[in-house]
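Here is the structure we will look at.
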Amino acid sequence: MIPFIQLFSLYVIIHGTSGPGGGFQGGVVFGASFILYIVAFDIFRGRERLPESVNMVLSSLGLYIYAGIGLLCIIISFGVAQYLNYGFLPFTTHFQENRASGIDLVEIGIGITVIAIMASIFFDLVGGEENKKVRE
């Protein structure tokens, strides 16, 4: 079930701009699938799959994607555009296609951050420092 839940969450992230859903909702579903993996197998296997260092990189990566797209909009338009005005992105020559691509990238960044934060909150609630120890 876990791969199907994760596939559905990616669908929710990508199609969130044209329907219900988005980065936060898809990230929560993906994070819940990871929590389901931990519940089904073991907290130690879950920590091996997603160590704290990887979790920190993922949470930062999502934030950098979000902020980077916004700053790129300002830089490319030479200060004319507002923050996160996706129409000025240099992906295509069509304003509407650029907007759609920019929104999708921002939603992916939000989804990555939400996945990492959900996993971090779960690990903190389950055992804090105790679950960081490797199973002996």
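Can you tell me which residue within region 18-38, out of those that are farther than 19 Å from Ile103 by Cα and not hydrophobic (A, V, I, L, M, F, W, C), is surrounded by the most Cβ atoms within 10 Å (Cβ to Cβ)? Result: Gly31. Scanning for something among the charged types (D, E, K, R) and under 19 Å from Ser9 (Cα atoms), does region 85-105 turn up at least one residue? Yes, the conditions are met somewhere in region 85-105.
Just give me the residues in region 47-68 being in a helix (DSSP H, G or I), under 30 Å from Leu84 (Cβ atoms) and touching a residue at least 60 places away in the same chain (Cβ under 8 Å), in sequence order.
Initially, region 47-68 is screened for residues in a helix (DSSP H, G or I), giving 47-49, 52-68.
If we keep only those that are under 30 Å from Leu84 (Cβ atoms) as well, we get 53-68.
Scanning region 47-68 gives Asn55, Met56, Ser59.
With Gln96, Gln82 as the choices, which residue is of a type outside the set (A, V, I, L, M), at pLDDT below 90 and in a helix (DSSP H, G or I)?
Residue meeting the stated conditions: Gln96.
Can you go through Leu71, Leu36 and tell me which one is part of a helix (DSSP H, G or I) and within 26 Å of Phe4 (Cα to Cα)?
Values: Leu71 fails: within 26 Å of Phe4 (Cα to Cα).
Only one candidate passes the filter, namely Leu36.
Checked against the criterion of being of a type outside the set (D, E, K, R), surrounded by 12 or more Cβ atoms within 10 Å (Cβ to Cβ) and over 19 Å from the mean Cα position of the chain (by Cα), the candidates Ile112, Ile65, Ile74, Ile108 yield just one match: Ile74. The one condition from (1) surrounded by 16 or more Cβ atoms within 10 Å (Cβ to Cβ); (2) closer than 21 Å to Leu7 by Cβ that Phe41 does not meet is (1).
May I ask you to say which residue of Ser60, Ser33, Ser53, Ser9 is in contact with a Gly (Cβ under 8 Å, 6 or more places away or on another chain), polar (S, T, N, Q) and within 21 Å of Ala116 (Cβ to Cβ)?
Ser9
The condition of being in contact (Cβ under 8 Å) with a residue 60 or more places away in the chain and in contact with a Leu (Cβ under 8 Å, 6 or more places away or on another chain) holds for only one of Phe44, Phe34, that being Phe34.
The values are calculated or read from the model by the stated rules, or taken from the named source; none is laboratory data. Bear in mind the structure is a predicted one, so any value in this text is a computation, not a measurement. Cβ sites come from the backbone with ideal geometry, for glycine too, and all protein chains shown count toward neighbours.
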